[in-house]
1. Take the residues in the range 160-175 that are away from ligand 1 (no atom under 16 Å from the Cβ) and open to solvent by less than 40 Å² (accessible area, probe 1.4 Å), then tell me which one is farthest from Leu290 (Cα to Cα).
2. In the range 573-587, which residues are open to solvent by less than 20 Å² (accessible area, probe 1.4 Å) and either under 23 Å from Leu622 (Cα atoms) or within 16 Å of ligand 3 (Cβ to nearest atom) (or both)?
3. Return the residues of the range 593-611 that are modelled with pLDDT of 75 or more and open to solvent by less than 20 Å² (accessible area, probe 1.4 Å); say none if nothing qualifies.
4. Let me spell it out: the conditions are (1) at pLDDT 90 or above; (2) within 23 Å of Thr580 (Cα to Cα), and Val239 meets all of them except one. Which number is the exception?
5. Exactly one condition in (1) surrounded by 20 or more Cβ atoms within 10 Å (Cβ to Cβ); (2) under 24 Å from Gly151 (Cα atoms) is false for Ala89; which is it?
6. So if I check each of Val228, Val239, Val258, which one is aliphatic (A, V, I, L, M), over 27 Å from the mean Cα position of the chain (by Cα), away from ligand 3 (no atom under 16 Å from the Cβ) and within 23 Å of Phe670 (Cα to Cα)?
7. Working only within the range 347-361, note down all residues that are among the aliphatic types (A, V, I, L, M), touching a strand residue (DSSP E or B) at 6+ places or on another chain (Cβ under 7 Å) and surrounded by fewer than 24 Cβ atoms within 10 Å (Cβ to Cβ).
Amino acid sequence: MASEPSSHRIKTSSLFRGDLVRQAIVDSLVKLSPRTLVKNPVMFVVEIVAALTTILLVRDLAAGAHVGFTVQIVFWLWFTVIFANFAEALAEGRGKAQADALRRTRSEAVAKLLQKNGSYEIVPAAELKVGDVVLVEVNDLIPSDGEVIDGVASVDESAITGESAPVIRESGGDRSAVTGGTRVLSDQIKVRITAAQGSTFLDRMIHLVEGAERQKTPNEIALNILLVGLTIIFLFATVTIPSFVSYAGGAVSVTVLVALFVTLIPTTIGALLSAIGIAGMDRLVKFNVLAMSGRAVEAAGDVDTLLLDKTGTITLGNRVASEFVTMPGVSDHELADAAQLSSLSDETPEGRSIVVLAKEKYGLRGRELANLHAKFIPFSAQTRMSGIDIDDHQIRKGAADSILKFVTSNVPNAIVPREFQQIVDKIARAGGTPLAVSKDGAILGVIHLKDIVKGGIRERFAALRRMGIRTIMITGDNPLTAAAIAAESGVDDFLAQATPEDKLRLIREEQAKGKLVAMCGDGTNDAPALAQADVGVAMQTGTQAAREAGNMIDLDSDPTKLIEIVAIGKQLLMTRGTLTTFSIANDVAKYFAIIPAMFAVFYPQLGVLNIMHLATPQSAILSAIIFNALIIIALIPLALRGVQYTPRSAASFLIRNLVIYGAGGVIVPFVGIKLIDVIITTIGLV
Ligand SMILES: Nc1ncnc2c1ncn2[C@@H]1O[C@H](COP(=O)(O)OP(=O)(O)OP(=O)(O)O)[C@@H](O)[C@H]1O
Ligand SMILES: [K+]
Ligand SMILES: [Mg+2]
C-alpha cells in the first residue's frame, strides 16, 4: 500500500562524514588523471598550467635560482585542482556508499522455475531469462524483476525503498510489478520475468546512485561553454601583459602571469559545477526518488503543470466492490450472478473484488473456468469494459457510458430504465466508481466500487499551488466521480473519461503552450503520457511499463512527492545560478585586487586603484591564488546542500540571491585577500 504523503523519511547524514572524506581525498588524487579531468575544461586548463609551472620550477631549481615564491604558487595551483576534485569526489561518495549497500542486498537467490507440467525446478536466479515464469512462496526472495501473472501477496520491499511496511502485489492491475531482491511475506505468486540479468531495477538503481551513467545536462554544457569562453578571454588578456610591462621598461615572470591567469578564470564555478549536479540527484535519492537523468531534475525545477491519474495516485487504488444495485424487475441473485460471470477471468483488483462480493453476500460460488464454454473479454482502458460471451449470451460490465453505448448499438430498441442514470450519478457523486452490468439488451444493475482519497493530499496540492504549479487530475472514470474526487482532493482541474490518447494529447497541448509538464502515474495506460511528459514520475507500486516510461521513479509511490522533486529541481537551478554569479563577481573583484598591486611599480597612476594596500606585489599574487583555492573548499557545503528554498515565488528568490551572491562575490575576495595578505606577510611567507 502506498505510504501516507506526510511520512517522508529523510535519511540525514552529515556532509563531512569521516569515511566519506577519507575516500574523497583518495579519489581527488585519482581524478588528477588528465583523461578524467579533461571533462572539466576549466580545471583541465589549471592542471596544464600547474604542470608547466612545475616543470619551470624544476628547471629553476637545477639552475640554482631562488624559487621560494614559485614553490608556493605551484603548491597552491595543484591544490586548486585537488580541491575541485575533492568537491566532486565528496558529492559522488554518498551515492557510492549507497550503491555498495544495495549491491549487498542484490539477490544471490535461487528461483523456482515453473515447468510445463506444473512442477518447479530450482535454478540459480542468474540463469533466468525474460519470459520465464517462477513461483515465489512465503519467505522467498523474488529472484528478478517481473510481473505478477497469478495471485496476490504481501511483499517486503524495504531492501529497495527502505520502507518497512509491506506492500500488496497482485496480478492484473496497476500493482503487478515486482522487484528482484524483495521478499514475499505471505501467500504465493507466479511471476513472469521481465528483465534480463544485469538490467534489473536493482542494477539500474546501483548505476544511478553511484552516478556511473551521469551525463552532462544541456544546461551544464551551455554553462561549460560560457566558462571556456571566459577562460580563453582571460588567456588573451594575460598573454598581452608582458608587452605592456616591457613598454614601461619592466619585466614580469611566468609564475606571476600563471598565477594571475588562474585567479582570473572562473575556477570556483568550474570546480563546483559537477558537484552541484550530483548533489541534486543525491538529494532526490534521499527523498526516495530515482531520477534517470540530470535533465529531468532540472526540468522539475521549472514545472508549470502537474497531471495525475486518479486511481492509485490520488486515491489509495484498491477499488473494491461494495454493493450491487439492481434495476427494477431484476433480482439480486440475477445481477450478482452476471457480475460474477463477467469477472471470473478479470484479473484486475476490481474484477476479483466483484467475485468475492458475489460469493460473500449472495453465496455464489466461483465456477470452474474450464467447464464453461465461454469467451472472456478482458478489460481494456479503451473499451472501459470487460465481460464474457457464454451460451449465446453477452454479459458485460464497465463504465456506465460504455455499457450504454454497447447495449444500444447491439440492441437498438433496448430499454434503459429511468433509474439507471440516477443510481450511476448517486454512486459517482459519492466519489465511487459505478460499473454497469448488462446482459444482452438489458441493463441489470450497477456495481459500486469504493475508493478512498489518500490522507493529507489536500494540503499538499495547496503547497503545489503556492509554488505556482497547476494540478490536473486525468482519469478514465466518469465526470461525476472525477468531480467528487477532484473536490475532495483539491486539484485545480480535471479531465474525465480520458483514454490513454487523451492523456497524451493533453500533455502535448500544454507543452505546445510552452509549459513544462510533469505527470505522475502508475498504470500501463499512463506509460505513453509518462514518456511524453518533461518530468514523468512513475510510482514504484506501478506496472513495469509505467516504471520504464518515466524518467523518475518514486519509491514511496506518493504523487505529491512532486513538491519535493520541484523544490529540489529549483534548488539545483538556483544553487548553480547563485554560485555562477558569485564566481564571476569574485573574479572581477580579484582583477581589481591584483592588477593595481602588480603594476603600481610601472604605472604609478594605478596607485589610486590600489585600495587594498597589499604588502607587496608578490604577496598580492600569492594571497589571490590562496584565496582562489580556499574559496572552493569554503563553498563545498553550499554546493552540496544547495541554497535554501521554501515554496514561494521563484522570481523574488532569484533577485534576492543575485543581490546576496553578486554583492557577496565582489566583497568577499577583497576581505579574504586582504586577510590572507596580512597573515602571510606576518608569518613571513613572502
Ligand atoms: N475490471 C474492469 N472491468 C470493467 N470496467 C472497468 C474495470 N476497471 C475499470 N473499469 C472502468 O473503466 C474506467 C477506466 O478505468 P482505468 O482504471 O483505466 O482508469 P484510468 O484511466 O487509469 O484512470 P484512473 O487510474 O485515474 O482512475 C473505470 O473508471 C471504470 O469505469
Ligand atoms: K578563479
Ligand atoms: Mg490508472
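The values are calculated or read from the model by the stated rules, or taken from the named source; none is laboratory data. The structure displayed is predicted, hence computed values, not measured ones. Every residue, glycine among them, receives a Cβ derived from its backbone with ideal geometry; neighbour counts consider all protein chains shown. Side chains are part of the model used for accessible areas, which takes the heavy atoms of the whole protein and leaves out ligands, DNA and RNA. Shrake-Rupley method; radii C 1.70, N 1.55, O 1.52, S 1.80 Å.
1. We begin by selecting, within the range 160-175, every residue away from ligand 1 (no atom under 16 Å from the Cβ); these are 160-169.
Within this subset, residues satisfying the condition of being open to solvent by less than 40 Å² (accessible area, probe 1.4 Å) are 160-161, 167, 169.
Numbers: Ile160: 11, Thr161: 11, Val167: 19, Arg169: 21 Å.
Per the criteria, the residue is Arg169.
2. Phe582, Ser583, Ala585, Asn586, Asp587
3. Step one: list which residues in the range 593-611 are modelled with pLDDT of 75 or more, which gives 594-596.
Ile594, Pro596, listed by residue number.
4. Single failed check for Val239: (2).
5. (2)
6. Exactly one residue qualifies, and that residue is Val258.
7. Within the range 347-361, the subset among the aliphatic types (A, V, I, L, M) is 354-358.
Checking which are touching a strand residue (DSSP E or B) at 6+ places or on another chain (Cβ under 7 Å) leaves us with 354, 357.
Leu357 - this is the single residue of the range 347-361 that is among the aliphatic types (A, V, I, L, M), touching a strand residue (DSSP E or B) at 6+ places or on another chain (Cβ under 7 Å) and surrounded by fewer than 24 Cβ atoms within 10 Å (Cβ to Cβ).
This table checks each residue for (1) touching a strand residue (DSSP E or B) at 6+ places or on another chain (Cβ under 7 Å); (2) of a type in the set (Asp, Glu); (3) loosely packed, with under 13 Cβ neighbours inside 10 Å; (4) at pLDDT 95 or above.
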site	(1), (2), (3), (4)
Lys190	yes, no, no, yes
Ala196	no, no, no, no
Thr200	no, no, no, no
Glu220	no, yes, no, no
Ile233	no, no, yes, no
Thr255	no, no, no, no
